[in-house]
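Report on the following structure.
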Amino acid sequence: MQSEYIPPDVPLTVLHEDYEVLAVAKPDGLLSVPGKGAHLADCLLSRVQAAFPTALLVHRLDRDTSGVMVFALTAHAQRFLSKEFEERRARKTYVARVAGRLEPKVGAVDLPLIVDWPNRPRQMVCHDTGKPSLTDYRVLKVGEDESRVRLWPRSGRTHQLRVHMLALGHPILGDPLYAPDPAFARMMLHAEELRINHPESGRGLSFRAKAPF
């Protein structure tokens, strides 16, 4: 962990619940799954399972990222939803505040990523051994020294949005790993919307959680 783990003491926010799928809003500063050691046991998965004992993990968000996460409530739903993510049918939309005035206002970042082994868990761009990684972005608002952007990851690499914005020279504000700044109480990255297909009906579902910044 890059800093002391003090999980937020906030109630569980349920966005959607049916017999197969549960969607919740993850707060920033909370692990998605438990880490190694009793001091890292508190996580969104354990909190969800306390209220929904059959809940099963499907995907994760970084500790310092807030926003929409879905859980399966049956083994069938877990298999189906896991495949949705693996085969990139799940559509993820993020909002972020980044340093500087990002130009052009619409674009894509196509840079291969791989773990930076001597400095893990950091990731890095590597054109020789990195895995293909693509992020689309659109600038929503430009301030004096920052930009508010919407991000659509088209691949699912670890820290993809964080490293791609850093590679553009516009790191996500408050990122404790790639752009630490004590002026920010949190990382300004939020999973705003998640679109999936329902594991039973096949109907498209969309879950949203408004960014708290």
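For THR158, the conditions (1) touching a Leu at 6+ places or on another chain (Cβ under 9 Å); (2) open to solvent by less than 60 Å² (accessible area, probe 1.4 Å) are fulfilled apart from (2). With the structure loaded, tell me whether SER147 is over 14 Å from the mean Cα position of the chain (by Cα), among the polar types (S, T, N, Q) and either under 18 Å from LYS26 (Cα atoms) or modelled with pLDDT under 95 (or both) or whether it fails that test. In short, no.
The set of residues in the range 85-111 that are farther than 15 Å from PHE207 by Cα, crowded, with 20+ Cβ neighbours inside 10 Å and under 16 Å from the mean Cα position of the chain (by Cα) comprises ALA96, ARG97, VAL98. Highlighted here are the strands (runs of 3 or more DSSP E) found entirely within the range 9-100 that include at least 2 residues which are closer than 18 Å to LEU161 by Cα: 66-72, 91-99.
Sub-8 Å Cβ pairs linking a first residue in the range 1-21 that is touching a residue at least 24 places away in the same chain (Cβ under 8 Å) to a second residue that is open to solvent by less than 60 Å² (accessible area, probe 1.4 Å) and among the acidic types (Asp, Glu), at least 6 apart or interchain, are PRO7/ASP42, ordered by first then second residue. Here is the figure for the range 169-188: residues that are surrounded by fewer than 19 Cβ atoms within 10 Å (Cβ to Cβ) and within 17 Å of PRO104 (Cα to Cα) total 1.
In summary, ALA185 fulfils each of the numbered conditions (1) modelled with pLDDT under 95; (2) closer than 19 Å to MET124 by Cα with the single exception of condition (2).
Within the range 115-172, the set of residues being assigned to a helix (DSSP H, G or I) and not aromatic (Phe, Trp, Tyr) comprises PRO118, ASN119, GLN160, LEU161, ARG162, VAL163, HIS164, MET165, LEU166, ALA167. A count restricted to the range 121-144 and to residues that are over 18 Å from the mean Cα position of the chain (by Cα) and charged (D, E, K, R) stands at 4. Candidates in the range 119-155 are the residues that are without any contact (Cβ under 8 Å) to a residue 12 or more places away in the chain and closer than 21 Å to ARG63 by Cα; of these, the one that is most open to solvent (accessible area, probe 1.4 Å) is ARG120. Summed over the range 189-213, residues that are surrounded by 15 or more Cβ atoms within 10 Å (Cβ to Cβ) and either modelled with pLDDT under 95 or within 15 Å of the chain's Cα centre (by Cα) (or both) total 11.
Determine whether the range 39-46 contains at least one residue that is under 19 Å from the mean Cα position of the chain (by Cα), buried (at least 17 other Cβ atoms within 10 Å of the Cβ) and under 22 Å from GLU193 (Cβ atoms). Looking for residues that are under 19 Å from the mean Cα position of the chain (by Cα), buried (at least 17 other Cβ atoms within 10 Å of the Cβ) and under 22 Å from GLU193 (Cβ atoms), one finds at least one in the range 39-46, hence yes. So, in the range 21-38, exactly how many residues are farther than 21 Å from PHE213 by Cβ and open to solvent by 10 Å² or more (accessible area, probe 1.4 Å)? Final tally of qualifying residues: 6.
The values are calculated or read from the model by the stated rules, or taken from the named source; none is laboratory data. For clarity, every value in this text was computed on a predicted model and none was experimentally measured. Cβ coordinates were reconstructed from backbone atoms using ideal geometry, including for glycine residues, and neighbour counts include every protein chain displayed. The accessibility values were calculated without ligands, DNA or RNA, using every heavy atom of the protein model including side chains. Shrake-Rupley method; radii C 1.70, N 1.55, O 1.52, S 1.80 Å.
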